[in-house]
1. Any residue at all in the range 190-203 that's open to solvent by less than 60 Å² (accessible area, probe 1.4 Å), touching a Phe, Trp or Tyr at 6+ places or on another chain (Cβ under 6 Å) and in contact (Cβ under 8 Å) with a residue 40 or more places away in the chain?
2. Let me spell it out: the conditions are (1) within 45 Å of the chain's Cα centre (by Cα); (2) assigned to a helix (DSSP H, G or I), and VAL306 meets all of them except one. Which number is the exception?
3. Considering each residue of the range 309-329, count those that are crowded, with 16+ Cβ neighbours inside 10 Å and either in contact with a Gly (Cβ under 6 Å, 6 or more places away or on another chain) or part of a strand (DSSP E or B) (or both), and give that number.
4. Within the range 307-333, which residues are aliphatic (A, V, I, L, M) and either on the phi > 0 side of the Ramachandran plot or in contact (Cβ under 8 Å) with a residue 60 or more places away in the chain (or both)?
5. Going through the range 122-137 one residue at a time, which ones are surrounded by fewer than 17 Cβ atoms within 10 Å (Cβ to Cβ), modelled with pLDDT of 85 or more and not in a strand (DSSP E or B)?
6. Which ones in the range 285-296 are exposed (fewer than 15 other Cβ atoms within 10 Å of the Cβ), at pLDDT 85 or above and either among the polar types (S, T, N, Q) or closer than 27 Å to TYR260 by Cα (or both)?
7. Quick one: in the range 204-240, which of the residues that are under 10 Å from the mean Cα position of the chain (by Cα) and under 17 Å from GLN64 (Cβ atoms) is most open to solvent (accessible area, probe 1.4 Å)?
8. Might you let me know whether the range 258-273 holds any residue that is in a helix (DSSP H, G or I), acidic (Asp, Glu) and surrounded by fewer than 14 Cβ atoms within 10 Å (Cβ to Cβ)?
Amino acid sequence: MEEKKTDKMEQPLFTRPEGGEEDELTIDWMALIRRILAIRRKLYLAAAVGLVAGVIIALSIPKQYTVSVTLSPEMGSGKSGGGLASMAASFLGGGGSDSPDALNATLAPDIVASTPFLLELFDARVRTANGKVDTTLVAYLDEQSAPWWNTVLGLPGMAVGGIKSLFSPAKEEPLTDTDSPAGGSIELSEKEAGKLKSLRQSVLANVEKKTSITTLTVTLQDPKVTATVADSVVSKLQQYITAYRTRKAKEDCRYLEQLYRERQAEYYEAQQRYAKYVDANSNVVFQSTLAERERLQNDMSLAYQVYSQVAQLLQVARAKVQEEKPVFAVVEPAVVPREPSGTSRKVIVLGWIFLAVAGVAAWELLGKDYWQKFRSALS
């Protein structure tokens, strides 16, 4: 009887029907059910192992909270073609305000991922949800927890780094952007580079090309800190894009201010020369005196015309600086999340149970047979 039972359980799961094609196979469902029932204890054990592993992994992964902020930039084409924009185009020879703000909004992902932008976020003040910790973002990053396997995987690198430090000379403190002689190069320590990499992965920006809607996403382990950082990112991004948009207009404005002071000084000098000459020769009626007086008057008039035109250009340039500032409508502000983001712990546990049961079932139902055939083919 035992041999018959064994023969029934060892029946192949895939059979080829008589008269069928070579590649045509059918599943013997009854044989499959019998073999599953035969290994049910192993499946129960696999489920228990998957449950324990899933619980350990789920508890090791820290909770994370995500805050998304949606911005809608004002389109430059919506600005009036007349008024200050047309005046600036006619006086300064530019294209007015035809370039849309959306063009510069597409720079948001690059700006948010840039090193100077993230370094400025390091000094942002944050407070945790329980209100016990009030510190800077760079200090908070040290307090975030990480899964235990990150420490295990990082042990070889830490060991190699420790050995290298014993034989390498002491390094000087790295230069920051303010300590650098040129003020433009940035050198980070290994610890700062690690924090920068972590923050770059936590702060993301995405721009919808058709609508120019910008979505900023911040993911951290504290809900209140996440919302605070998201708000800081929005504020700094607006400052960066505003500086980018108004850079040319501000350069024109500074140049015209210098030109305005020069033309003003020339006009005042010509006015003084004319006034002194008239006072000194008020009673003289010689033709040469009248000619010199007329020449000085023409010089004064010409200097005034140039001075007046430059003054008008300066007023237009000052107005253009304000006009070029983009306007961002915050469609969805930063809201403190109430629920963690990412995969829930229940799903992680169920996933590990499924993987354990599926792996054992696949090995017992299919893997063993193919392994035996492989070993017999080699022998």
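1. no
2. (1)
3. Of the residues in the range 309-329, 1 are crowded, with 16+ Cβ neighbours inside 10 Å and either in contact with a Gly (Cβ under 6 Å, 6 or more places away or on another chain) or part of a strand (DSSP E or B) (or both).
4. The answer is LEU313, LEU314, VAL316, ALA317, ALA319, VAL321, VAL327, ALA329, VAL330, VAL331.
5. Of everything in the range 122-137, those that are surrounded by fewer than 17 Cβ atoms within 10 Å (Cβ to Cβ), modelled with pLDDT of 85 or more and not in a strand (DSSP E or B) turn out to be PHE122, ASP123.
6. Residues satisfying the conditions are GLU294, ARG295.
7. Filtering first and then ranking leaves LEU204.
8. yes
The values are calculated or read from the model by the stated rules, or taken from the named source; none is laboratory data. Just so it is clear, the structure is predicted and the values come from calculations on it, not from any experiment. Note that each Cβ is placed from the backbone with ideal geometry, even for glycine, and that neighbours are counted across all protein chains shown. Areas reflect the complete protein model, heavy atoms only, side chains present, ligands, DNA and RNA absent. Shrake-Rupley method; radii C 1.70, N 1.55, O 1.52, S 1.80 Å.
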